[in-house]
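> My questions will all concern the structure given below.
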Amino acid sequence: MIQERLFTKNPYATDGRFIVGADLDGFFLHSVGCAGSSALSFIERWDNEAFTGAGINGFIDPTAAYVTAPCLKTRGKVKRMPHGGRPYANNHYIGFEMCEPAQMVYDKATYRLVGCTDRTAALAFVRATYQNAVELFARLCLFHGKDPLADGVILSHYEAGRRGIATGHIDPEHVWNYLQSGLTMAGFRQDVKNKMEELRDLTKEETNALIKAAVKPLQAELDALKKSVAKHVTAAEAKRIYLELEREGFVTEISDAPKWAQPELRTLLDTGAINGGTEAGQNPNDVNLPMDSVKVALICKRYVEIMSGKPPDKEL
Ligand SMILES: [Zn+2]
């Protein structure tokens, strides 16, 4: 976790000096060299007008990596905070201090580690702090376009001292080594690299590929659905055509009948000889007979008319 706790009073935080562009080589990892103080307590102590010992861009402990001077605001521009004890380190690198477990025991005279009262607890503290440092350094490398595996981008204070660009300190490896934690700066740089992969924004191609992969099973379902709908539509269509064909021989309403048959059908309906299944008062026009039956009804009507002396209107 990364949090911002910017110094407002530390004299280096307010001196207006920045490291910009190609001047920024990279980032130092430090360890405070004393046992048992939290990042926030360090920040409180260092954020003071009278504190002229050093500047730093952040403190890290198991709770978070706390950024104390701007370094993730503007690409290629970081607040210069003197942390390396020599001009090259201070003008080309920014640094971050890891806190140390309360279980570590230092010799007050030599500042050397001489003991640890609870290795398990100390290791838990160190590993949690390390993880926050990994996250912070990954963010820094991503933000400023740095490769953590490239030479000289990420250095411990110890490594920088060996290169002659910082004072000859032993942090932070001395804590890792004393606890036989297995942690190394080479491992740290690799972990930062891995974390960057995890954190970096996806490219457009990667986003599209992910969407495609997610949509693929849905696409198959959609295709199946389309096929099934096509089948359904075909069946419905077939039914509609069938009904249409069938209706040609069926007189539902009087208007369905051929024009020549309509006046006589009208008479049959009006006299109640046929009624289409509904009373004339409800629907005077329904016939609901096959055309063949309509013809029979008309033949009967004409037969009755002939027999009663009235000539038929037309040939059937
Ligand atoms: Zn240091």
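Every number in this text was worked out from the coordinates using simple rules, so none of it is lab data. None of these values were measured; they are calculated from a predicted model. All Cβ positions, even for glycine, are placed from backbone atoms using ideal geometry, and neighbour counts span all protein chains on display.
> Restricting to segment 70-91, what's the tally of residues that are surrounded by fewer than 19 Cβ atoms within 10 Å (Cβ to Cβ) and in a helix (DSSP H, G or I)? Talk me through it step by step, then tell me what you get.
Step one: of segment 70-91, the residues surrounded by fewer than 19 Cβ atoms within 10 Å (Cβ to Cβ) are 70, 72-77, 85-88, 91.
The next check asks that each one be in a helix (DSSP H, G or I); those that pass are 87-88, 91.
Matching residues across segment 70-91 total 3.
> Look at VAL20 and say whether it is under 20 Å from PHE143 (Cα atoms), away from the ligand (no atom under 15 Å from the Cβ) and out of contact with any helix residue (DSSP H, G or I) (no Cβ under 9 Å at 6 or more places or on another chain). Reasoning before the result, please.
Numbers: under 20 Å from PHE143 (Cα atoms): yes; away from the ligand (no atom under 15 Å from the Cβ): yes; out of contact with any helix residue (DSSP H, G or I) (no Cβ under 9 Å at 6 or more places or on another chain): yes.
When the stated conditions are applied, VAL20 passes them.
> Name the residues in segment 148-167 that are of a type outside the set (Val, Ile, Thr), touching a residue at least 60 places away in the same chain (Cβ under 8 Å) and under 13 Å from ALA186 (Cβ atoms), would you?
Once the filter is applied, which keeps residues that are of a type outside the set (Val, Ile, Thr), touching a residue at least 60 places away in the same chain (Cβ under 8 Å) and under 13 Å from ALA186 (Cβ atoms), segment 148-167 yields LEU155, SER156.
> Pick from THR8, THR74: which is of a type in the set (Val, Ile, Thr), over 17 Å from PHE143 (Cα atoms) and more than 16 Å from the ligand (Cβ to nearest atom)?
Working: THR74 fails: over 17 Å from PHE143 (Cα atoms).
Exactly one of THR8, THR74 is of a type in the set (Val, Ile, Thr), over 17 Å from PHE143 (Cα atoms) and more than 16 Å from the ligand (Cβ to nearest atom), namely THR8.
> What are the residue pairs meeting all of these: first residue in segment 8-22, first residue touching a residue at least 24 places away in the same chain (Cβ under 8 Å), second residue among the β-branched types (Val, Ile, Thr) and surrounded by 13 or more Cβ atoms within 10 Å (Cβ to Cβ), Cβ atoms under 6 Å, and 6 or more apart or on different chains?
Close Cβ pairs satisfying both conditions: ILE19/VAL78.
> Could you check segment 266-299 and list, in sequence order, the residues that are of a type in the set (S, T, N, Q), under 14 Å from ASP256 (Cβ atoms) and part of a helix (DSSP H, G or I)? Write out each step before concluding.
Narrowing segment 266-299 to residues of a type in the set (S, T, N, Q): 267, 271, 275, 278, 282-283, 285, 288, 293.
Now narrow it down to the ones that are under 14 Å from ASP256 (Cβ atoms): 283, 285, 288, 293.
Listed by number, the list holds a single entry, SER293.
> Also: In segment 26-44, which residues are within 18 Å of PHE188 (Cα to Cα) and within 13 Å of the ligand (Cβ to nearest atom)? Don't jump to the end; show me each part of the working.
First pass over segment 26-44, keeping only residues within 18 Å of PHE188 (Cα to Cα): 26-32.
Within segment 26-44, PHE27, PHE28, LEU29, HIS30, SER31, VAL32 qualify.
> What number of residues in segment 101-122 are part of a helix (DSSP H, G or I) and either of a type outside the set (A, V, I, L, M, F, W, C) or surrounded by fewer than 20 Cβ atoms within 10 Å (Cβ to Cβ) (or both)?
Step one: of segment 101-122, the residues part of a helix (DSSP H, G or I) are 119-122.
Next, from what is left, pick out any that are either of a type outside the set (A, V, I, L, M, F, W, C) or surrounded by fewer than 20 Cβ atoms within 10 Å (Cβ to Cβ) (or both): 119-121.
Of the residues in segment 101-122, 3 are part of a helix (DSSP H, G or I) and either of a type outside the set (A, V, I, L, M, F, W, C) or surrounded by fewer than 20 Cβ atoms within 10 Å (Cβ to Cβ) (or both).
> Is there a residue in segment 124-138 that is part of a loop (DSSP other than H, G, I, E, B) and in contact (Cβ under 8 Å) with a residue 12 or more places away in the chain?
As a first pass, look at segment 124-138 and keep what is part of a loop (DSSP other than H, G, I, E, B): none.
Checked against the condition, which is being part of a loop (DSSP other than H, G, I, E, B) and in contact (Cβ under 8 Å) with a residue 12 or more places away in the chain, segment 124-138 yields no hits at all.
> Just wondering, is there one or more residues in segment 45-55 that are within 13 Å of the ligand (Cβ to nearest atom), closer than 24 Å to VAL192 by Cα and touching a helix residue (DSSP H, G or I) at 6+ places or on another chain (Cβ under 7 Å)? Break it down stepwise before answering.
First, the residues of segment 45-55 that are within 13 Å of the ligand (Cβ to nearest atom): 53-55.
Add one more test, that the residue is closer than 24 Å to VAL192 by Cα, and what stays is 55.
Subset that is touching a helix residue (DSSP H, G or I) at 6+ places or on another chain (Cβ under 7 Å): none.
Within segment 45-55 (the criterion being within 13 Å of the ligand (Cβ to nearest atom), closer than 24 Å to VAL192 by Cα and touching a helix residue (DSSP H, G or I) at 6+ places or on another chain (Cβ under 7 Å)), the answer is no, since none of the residues qualifies.
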